[in-house]
1. Kindly identify region 8-52 as rounded, prolate or oblate by the Cα gyration tensor criterion: order the square roots of the eigenvalues as a ≥ b ≥ c, call it rounded if a/c is under 1.5, otherwise compare a/b with b/c, prolate if a/b is larger, else oblate.
2. Given DSSP loops and a limit of at most 13 other Cβ atoms within 10 Å, what is the longest stretch of the chain that contains no such GluC sites (Glu not before Pro)?
3. Residue separation times 0.36 nm, minus the C-alpha to C-alpha distance between Tyr22 and Ala174: what's the value?
4. Per residue, how much accessible surface does the chain expose to a 1.4 Å probe? Answer in Å², no decimals.
5. So for region 1-132, averaging the separation of alpha carbon pairs under 8 Å that are six or more residues apart and normalising by length, what relative contact order in percent results?
6. Taking square-rooted eigenvalues a ≥ b ≥ c of the alpha carbon gyration tensor, is region 14-144 rounded, prolate or oblate, where a/c under 1.5 means rounded and, failing that, a/b exceeding b/c means prolate?
7. Counting only chymotrypsin sites (Phe, Trp or Tyr not before Pro) that sit in a DSSP loop (anything but H, G, I, E, B) with at most 12 other Cβ atoms within 10 Å, what is the longest stretch of the chain containing none of them?
8. To the nearest 0.05, how large is the calculated FRET efficiency for Ile73 and Arg43 if R₀ is 22 Å and r is the Cβ-Cβ distance?
Amino acid sequence: KKASETIGFLHLSIQEFLSARYLAQRPFTDRLKFVREYAEQLRWREPILYLIFLETNEGQVGQFLRAIEQAAITTQQGQHLRDALLTDAVFADFAHDQTVAREIAGRLFDEAELTASGARQRHILTSGVDGLGSETVASLCAARIRCWLPNRHGYHRSSAIYAMQRWPASSHEACTRA
């Protein structure tokens, strides 16, 4: 129970969405500034994603992506959180500026293939699979996934992935890396 005239929310997501709705009413320059200032803070991750979702102007969504990229980083964890936010924003099905979203998605895929490891690499790859549902980056995601999982034998890729589960336990570590 809440005290008289105190508003409470059943779930944090509602509060985050309403925060984004409030931010969406601010001038665009204020919204960009907010994204730059709070992109590295976990508490503001979902409101920022909701804010980008609420934006229908593709050019302004592109500016939001650039604002996340340019956000000041104060800690190592802040960089991790900012990079994760950027990854999720790029591969989500938002009203993206196609040029900006594809450029950043390409860089993220390059990072996954060349320098990322562990949780960062898994996050980029998982987001890339999610990106198959995005009108903007779906073709880029499909092309990269085809490179990672070539269809050399004429089988469907999903069948090959499911078959890996039945391989001997000694090969699981190699499968995970692949």
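1. Taking the square roots of the gyration eigenvalues as a ≥ b ≥ c, region 8-52 is oblate.
2. 6-134
3. Full extension of this stretch gives 49.9 nm more.
4. Solvent-accessible surface per residue comes out at 63 Å².
5. For region 1-132, the relative contact order is 22 percent.
6. Details: a/c = 1.86, a/b = 1.32, b/c = 1.41.
Note, shape of region 14-144 comes out oblate.
7. By the stated rule (loop sites, at most 12 other Cβ atoms within 10 Å), 10-154.
8. With R0 = 22 Å, the Cβ-Cβ based efficiency is 0.85.
The values are calculated or read from the model by the stated rules, or taken from the named source; none is laboratory data. Since the structure is predicted, the reported quantities are computational estimates derived from the model, not experimental observations. Positions of Cβ are generated from backbone atoms using ideal geometry, with glycine treated the same way; all protein chains shown enter the neighbour counts. SASA here: full protein model, heavy atoms, side chains in, ligands and nucleic acids out. Shrake-Rupley method; radii C 1.70, N 1.55, O 1.52, S 1.80 Å.
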